[in-house]
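K.L.:
Here you go, one structure.
Please treat every number below as a calculation from the coordinates, not as lab data. Just so we're clear, the structure is a prediction, and the values are computed from it rather than from any experiment. Here the Cβ is made from the backbone with ideal geometry for all residues, glycine too, and neighbour counts use every protein chain on show.
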2 protein chains.
Amino acid sequence: MVTIADVAQKAGVSISTVSYVMSGKRAISQKTRDRVQVAIADLGFSPHAGARSLASRSSNVIGLQAPLRTGVDVHVIMQIVTGVVTQARTHGYDILLLTSEDASALDRAARGSQVDALLVMDVESDDPRIGALTDLPQPSVLIGLPAGADGIPCVDFDFEAAGKLAVERLAAQGHRRVALIGSPAEVLQRHTSYADRLVRGFLSACAEAGISGTVHPCPSGADASRIVDEVVAADPDLTGFLVHNEAALPYVTARLVAHGQRRAQALGIIALCPDNIAQAVPHPIDSIDVPAEEIGSTAADLLCTLLAGGEAPAVRLLEPHLTVRTGAAGVTGVTA
Amino acid sequence: MVTIADVAQKAGVSISTVSYVMSGKRAISQKTRDRVQVAIADLGFSPHAGARSLASRSSNVIGLQAPLRTGVDVHVIMQIVTGVVTQARTHGYDILLLTSEDASALDRAARGSQVDALLVMDVESDDPRIGALTDLPQPSVLIGLPAGADGIPCVDFDFEAAGKLAVERLAAQGHRRVALIGSPAEVLQRHTSYADRLVRGFLSACAEAGISGTVHPCPSGADASRIVDEVVAADPDLTGFLVHNEAALPYVTARLVAHGQRRAQALGIIALCPDNIAQAVPHPIDSIDVPAEEIGSTAADLLCTLLAGGEAPAVRLLEPHLTVRTGAAGVTGVTA
DNA sequence: CTGAAAGCGCTAACAG
DNA sequence: CTGTTAGCGCTTTCAG
């Protein structure tokens, strides 16, 4: 293994000079710097991460807790993770991946100084991990917006505003009875932050617009078709739909379009998911993009700002935007 | 921060005794051990990872390169990662997540002693990263089976055998012209290991069975329907299909069933993907499970064996199994 | 069975 | 602008 001492010797300087060339923390003459850099390159030196973290009291690693639970939208998780990793690297941080759901994993990584900071995904409205995080010396950021974040900065897509936006669009199209075809029951039952907020935005906007709104958990896969049948059977006057379940989306839209055709009804369907997923559906439907990668990169940026001693907003919500792919009346069942 | 010295003082023993209690590397009297453990618990001590890695010359971290490229099956990636992380933890290893595709990321992590070993996913048949890996002092394992692994152990699902198995089933059902509806074109173009091997197994088995076999790249999402139409139009006598593209699967099966119905033909359809994906499709179809989580856990196990000084097989392939959900004739178009 | 002490490779004062 | 050196917290000889 090649050490900083090897580099120093080869370059004919002291080891502190090598260290300062690498960190840029003090002025070095051009000549010396060049010689050191040549030596580093020649020897293929990279500093020992452990030694560095011991001496500098920072590891340049961020812990990312990404629980891979049932019912979550795997594309969204994946894109968030990509955003985090990519953005963190631009700030010189690597990512330690924690997948166990419990707070002890966070504790272990933090207490052992393995990480300089923590990023926690898939937060629930009342999440037990928040207490653990506030007890730690390292800063942290949540992806989600729990009830009591307790001073921990939160980053997420504004699902509440997305719910409102969808209802406003559907109401403007003339729909008076609308339904939210949402996440699987497990996700709603554990009060996953985003699911809760979407429901809240959806229902309050319905109340405000004076229209009827109902919420229906929906399993992923083909079982979604059955749910659609049940929902439509229970209330045949439903004409507006907000679908927030990427794995169920193809089945839900296909079934809804079929129902619309049968009744010669113009349906309003809005998908809430990453744009590429919405576009992969055969029928053109309106959609609200979930900018998953941007959520991840924003969270990573915020955490790096914190690590650099900067200030962070308590809450940072990414604004929803509607992409219209259908006419004013929505998906016209008869012509689809 | 609480250090090993704090623990030693509190327990009234020397630092080395505390260290040996933790590592179990030498005999300690029950009395002493108890006192030390109480002190550790009371103080909430966890050893500094950097200090530990500096002194012990090992970090207890495995680097996992999981490139999140376009066209990959995101469920499969996710499940492999889950398997790796979970299994590695049971051996006391954490996972550093690398997502950049290039060899330099591997180099950086390894040269800096950030990781004790490397696990590389999404390997291509002739992958430039293999050279980088063989130059490193740390052991590594590939998930995939490239042409020249150059002594690096490989773990994967046996896609070649899966291709054979599918063809044998279709041939046994009486199908004489079969098609592989495969990964997106990008994946095939970069000669991703698994895609190459599947094609090889599929075509050679067709030759052996004396039946006609063709391979068709397939985009994810609804565009898959168009591909199916083209494939069927180009060869109306096709009756057997192997589908290896989870994101396209619902569209492909729906379209194939529709074609089958129109012609009152009995089609053979076999899906190659994780079982839960195959089951989420409305029509019951035969399937060959891709045991993604097991691929990950097997690879992690193998790497940990290597790290423990054990021997590893050069290649470890997980055997395919067919799950039959249709009758001998396959999906009966007319009754579906 | 336990202690003392020599590093592991690096950073960051301190000294010039 | 550069060098010397005291730790950072732990593991592991070497001694007893």
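K.L.:
Could you list which residues have their amide H under 5 Å from that of residue A:269, counting only those 5 or more apart in sequence or on another chain, with H placed in the peptide plane?
P.N.:
It is A:241, A:286, A:331, by chain and number.
K.L.:
Quick one: what are the phi-derived ³J(HN,Hα) couplings along segment B:119-127, Karplus 6.51/-1.76/1.60 with θ = phi - 60°, whole Hz, x for glycine and proline?
P.N.:
Here the 3J(HN,Hα) series is 10, 10, 9, 6, 7, 9, 4, 10, 9 Hz.
K.L.:
Express the relative contact order of segment B:204-336 as a whole percentage, based on alpha carbon pairs under 8 Å and six or more residues apart in sequence.
P.N.:
Relative contact order here is 26 percent.
K.L.:
Starting from the Kirkwood radius over alpha-carbon pairs of segment A:193-329, derive D by Stokes-Einstein at 25 °C in a medium of 0.890 mPa s and give it in µm² s⁻¹. Please list the in-between numbers first.
P.N.:
Working: Rh = 16.7 Å.
Estimated diffusion coefficient is 147 µm²/s.
K.L.:
Which net charge results when you count Lys and Arg as +1 and Asp and Glu as -1 among the other residues whose beta-carbon is under 9 Å from that of residue B:69?
P.N.:
Surrounding charge for residue B:69 is -2.
K.L.:
In whole angstrom, and with the biggest value first, how far do the Cα coordinates of chain B range along each principal axis?
P.N.:
Extents along the principal axes, in whole Å: 85, 39, 32.
K.L.:
For residue A:117, what residues show an amide H to amide H distance below 5 Å, using hydrogens built from the backbone and excluding near sequence neighbours?
P.N.:
When sequence neighbours closer than 5 places are left aside, the close amide H contacts are A:63.
K.L.:
Once phi is turned into ³J(HN,Hα) by the Karplus curve 6.51 cos²θ - 1.76 cosθ + 1.60 with θ = phi - 60°, what whole-Hz value does each residue of segment B:315-327 show in order, with x for glycine and proline?
P.N.:
9, 10, 10, 7, 6, x, 9, 8, 10, 8, 10, 10, x
K.L.:
Post the alpha-carbon centroid distance, segment B:265-336 to segment B:176-238, in whole angstrom.
P.N.:
18 Å
K.L.:
Averaged across A:120-127, how many Cβ atoms of other chains sit within 10 Å of each residue's Cβ atom? Write out the running numbers ahead of the final one.
P.N.:
Working: counts 0, 0, 0, 0, 0, 0, 0, 0.
Rounded to a whole number, the mean comes out at 0.
K.L.:
When the label point is put 7 Å from the Cα of residue B:31 along its Cα-to-beta-carbon vector, which residues of segment B:1-17 have a backbone N closer than 16 Å?
P.N.:
B:11-14
K.L.:
Can you give the local net charge around residue A:83? Use residues other than it whose beta-carbon is closer than 13 angstrom to its beta-carbon, Lys and Arg +1, Asp and Glu -1. Don't jump to the answer; show the numbers that get you there.
P.N.:
Working: positive: A:89; negative: A:156, A:293, A:294, A:301.
Around residue A:83, the surrounding residues sum to -3.
K.L.:
P(r) for the protein assembly as shown: what percent of alpha-carbon pairs falls in each 20 Å bin, starting at zero?
P.N.:
Histogram of Cα-Cα distances, whole percents per bin: 17, 44, 31, 8, 0.
K.L.:
Nm distances between the label at residue B:237 and the same-position labels in the remaining copies, 7 Å along Cα→Cβ, shortest first?
P.N.:
5.9
K.L.:
While we're on this one: Using a Gaussian network model of chain B whose springs link C-alpha atoms within less than 10 Å, name the residue from B:271, B:205, B:27 with the highest mean-square fluctuation.
P.N.:
Comparing B:271, B:205, B:27 in a Gaussian network model of chain B, the most mobile one is B:27.
K.L.:
What are the lysines whose alpha-carbon lies under 29 Å from the alpha-carbon of residue B:10, with same-chain residues fewer than 8 places away excluded?
P.N.:
Candidates past the 8-residue exclusion: B:25, B:31.
K.L.:
If you don't mind, another one. Any chance you could give the angle, 0 to 90 degrees and rounded to 10, that helix A:292-307 forms with the longest Cα principal axis of chain A?
P.N.:
With rounding to tens, the tilt is 40 degrees.
K.L.:
Oh, and also: If you count the DSSP beta bridges with both ends in chain A, what percent of them are antiparallel, to the nearest 5?
P.N.:
Antiparallel: roughly 15 percent of the beta bridges in chain A.
K.L.:
Give a residue-ordered list of calculated ³J(HN,Hα) values for segment A:245-252 (Karplus: 6.51 cos²θ - 1.76 cosθ + 1.60, θ = phi - 60°; whole Hz; x for Gly, Pro).
P.N.:
Once rounded to whole Hz, the list reads 5, 4, 6, 9, 3, x, 5, 5.
K.L.:
Taking residue A:9 in one copy and the same position in all the others, each labelled 7 Å out along Cα→Cβ, what are the pairwise distances from the first, in nm, shortest first?
P.N.:
Copy-to-copy label distances for residue A:9: 3.8 nm.
K.L.:
Now for a separate question. Cα centroid distance between segment A:32-88 and segment B:127-169, in Å?
P.N.:
Segment A:32-88 and segment B:127-169 have Cα centres spaced 26 Å from each other.
K.L.:
I would also like to ask the following. Rounding to the nearest 10 and keeping the result within 0 to 90°, find how far the Cα-based axis of helix B:223-234 lies from the longest principal axis of chain B.
P.N.:
For B:223-234 against chain B, the angle is about 40 degrees.
K.L.:
Note down the relative contact order for chain A as a percent, whole number, built from C-alpha pairs under 8 angstrom at least six residues apart. Show your work: numbers first, answer last.
P.N.:
Values: 650 pairs, mean separation 61.2, N = 336.
The value is 18 percent.
K.L.:
Oh, and also: Given +1 on the Cβ of Lys and Arg, -1 on the Cβ of Asp and Glu, and no further charges, what dipole in debye does segment B:15-113 carry about its Cα centre, rounded to the nearest 20?
P.N.:
600 debye
K.L.:
Calculate the mean, over all residues of peptide B:39-52, of how many other protein chain Cβ atoms lie within 10 angstrom of the residue's Cβ.
P.N.:
Whole-number average of other-chain Cβ neighbours for B:39-52 is 5.
K.L.:
Net charge within 11 Å of residue A:13 by Cβ-Cβ distance, Lys/Arg positive one each and Asp/Glu negative one each, not counting residue A:13 itself?
P.N.:
+4
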